[in-house]
Amino acid sequence: MAKNTSKDAKQAQKAPKQAVEPILQFVGQYLKDASFECSVPSFIGDTPQLKFDLQVGVQIIDLSHELKEVIVTLKGLAKNKDDKAHYLAETSASGVFHVENIAPEQFQPMLGIDGAAMVFPLARQALLSAIADGSYQTPPIGPIDFRRLFENSQKQK
């Protein structure tokens, strides 16, 4: 059996510590909330060309020390040329992420940009399904620039 010398102890102290790997893992997603309010059914009278306004929101919630929830909320309001609302559709989809060894100043942008982009397709599909189920033609909803949204939200703080 080899003796542990003071030279070995000094070398062990000088050895670099093992780097701790950051972990950002997608756990799952679900539809958190959905609603559709229709004041004018599409099949009564003329269905005029509607103006569709979409609002997008992102919220990050701490579920625990290592679990974070990203909620993407889409709110679509359709009005006619006289500014009369025909419908309001709103959905919130949530993604849960496991985060370890990442400082909040680093995971906030990751979740607010990349996490939101991962959850967005579920929120969009739920919103479009609600609109279609309300007998309206679905509006085109393209990709969202979550980086710009995140940067704008940081400027407002």
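Just so you know, all these numbers are worked out from the coordinates, no wet-lab data involved. Keep in mind it's a predicted model, so treat the numbers as computed, not measured. Note: ideal-geometry Cβ built from the backbone for every residue, glycine included; neighbour counts use all protein chains shown.
Some points to look at:
- Out-of-range pairs (alpha-carbon distance over 28 Å; input Lys32/Lys81; Lys32/Lys157; Lys68/Lys157; Lys79/Lys155): Lys32/Lys81; Lys79/Lys155
- For the range 38-91, the residue among Ala89, Ile71, Cys38 whose Cα projects farthest onto the positive side of the dipole built from Cβ charges is Cys38.
- Sites His65 and Asp145, calculated FRET efficiency, Cβ-Cβ separation with R0 25 Å, nearest 0.05: 0.25
- At an R0 of 41 angstrom, the distance between the Cβ atoms of Glu100 and Ile44 translates into a FRET efficiency of 0.15.
- Loop-located chymotrypsin sites (Phe, Trp or Tyr not before Pro) in the range 30-75, at most 14 other Cβ atoms within 10 Å (DSSP): Phe43
- Computed from label points 7 Å out along Cα-Cβ, the spacing between Lys79 and Ile23 is 4.9 nm.
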